[in-house]
Amino acid sequence: MLNTPELRADYLARHYWDNVNFTDTNYIHHPEVTEQAWVNFIDILRLVPASTGDTALKTLFAQTEKEKKCYMYLTSLADKYLYDPNSPMRNEELYISVLDAMLKSSVMDDTEKIRPKARRELAQKNRVGTKALDFTYTLANGQQGNLYNIKAPYTLLFINNPGCHACTETIEGLKQAPIISQLIKEKKLIVLSIYPDEELDDWRKHLNEFPKEWINGYDKKFTIKEKQLYDLKAIPTLYLLNKEKTVLLKDATTQAIEEYLMIHQ
């Protein structure tokens with residue numbers, strides 16, 4: 001009856017852990033089995049609708065509450081694969097499902113819920129489909145502007161720290177992307193590059209690395225960091241916004257942004 005890949009993935013997502021005895025703490029000592037099983041599970045969740053992934057994760061963590069050691073082991077795997085900025089499987093929406101489960105958990109005490117609560121509050125900001133939070137930026141010449149005053153069908157918000165290896169790679173990737181150059185030329189896309197930190201001399205030294213067509217500014221009052229307007233656990237970070245400043249892509253790769261713009265230009 002499961003005659004399509006979508007149906008098979010949906011079934012696997014819902015029933016993947018059915019035969020696992022979560023009262024057996026022996027699983028914790030065999031990461032070659034359990035960690036690989038978790039990785040395979042997350043791969044499946046990427047193939048199903050968001051609602052199915054949400055249900056599958058919350059069901060899993062409810063089942064795991066039978067044994068706290070197993071429960072906490074799974075939360076550590078979620079941190080490692082879904083939250084860690086260096087993880088190629090990082091996925092905030094799936095991690096939000098895990099955080100929601102943790103905050104409702106009967107096996108975690110209030111102290112243990114402090115960190116997931118803070119992460120959940122931060123993850124809620126600037127989610128795909130919501131309005132990006134506004135802020136003021138300052139240019140090298142001292143002039144100021146606001147994110148919401150930028151008028152274009154698309155705004156690419158690029159929060160970065162010039163000089164970092166990943167930032168340099170991302171700058172080059174954006175400069176070499178034909179669709180981004182085309183849309184900038186057609187005035188359909190504006191790139192807003194923001195430096196959120198304190199070392200302004202370092203920022204000025206690297207200004208010549210940025211295209212002149214971009215808006216290159218810094219956060220003079222450190223509002224982005226101090227008020228945690230944006231999640232900066234990973235630098236650089238890219239957000240693609242539409243003309244109403246609704247988030248289309250959050251913490252996306254250059255490739256993902258190129259692909260989106262190719263389809264929706």
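The values are calculated or read from the model by the stated rules, or taken from the named source; none is laboratory data. Just so it is clear, the structure is predicted and the values come from calculations on it, not from any experiment. Every residue, glycine among them, receives a Cβ derived from its backbone with ideal geometry; neighbour counts consider all protein chains shown. Please note that ligands, DNA and RNA were not included when accessible areas were found on the heavy atoms of the full protein model with its side chains. Shrake-Rupley method; radii C 1.70, N 1.55, O 1.52, S 1.80 Å.
Quick one: would you say Thr59 is β-branched (Val, Ile, Thr) and open to solvent by 40 Å² or more (accessible area, probe 1.4 Å)?
yes
I need the full set of residues from segment 123-151 which are modelled with pLDDT of 95 or more, of a type outside the set (Ser, Thr, Tyr) and assigned to a helix (DSSP H, G or I), in order please.
Leu147, Asn149
What are the residues in segment 91-105 that are within 19 Å of Lys250 (Cα to Cα), free of Cβ contacts under 8 Å to residues at least 60 places away in the same chain and surrounded by 16 or more Cβ atoms within 10 Å (Cβ to Cβ), if any?
Asn91, Leu94, Tyr95, Ile96, Ser97, Val98, Leu99
Among (1) of a type outside the set (Asp, Glu); (2) touching a Ser or Thr at 6+ places or on another chain (Cβ under 8 Å); (3) free of Cβ contacts under 8 Å to residues at least 60 places away in the same chain, where does Ser193 come up short?
(2)
Starting from residues that are among the aliphatic types (A, V, I, L, M) and touching a residue at least 24 places away in the same chain (Cβ under 8 Å), keep the ones in segment 34-56 and report whichever is most open to solvent (accessible area, probe 1.4 Å).
Step by step, filter segment 34-56, then rank; the result is Leu47.
Output the qualifying pairs, or none if there are none: Cβ atoms under 9 angstrom, residues six or more apart or on different chains, first residue in segment 1-14 and within 18 Å of Ala50 (Cα to Cα), second residue modelled with pLDDT under 90.
Every condition considered, the pairs that remain are Leu7/Met1; Arg8/Leu2; Asp10/Leu2; Tyr11/Leu2.
Taking strands (runs of 3 or more DSSP E) that do not extend beyond segment 209-254, which have at least 3 residues that are open to solvent by less than 20 Å² (accessible area, probe 1.4 Å)?
Passing ranges, in order: 237-242.
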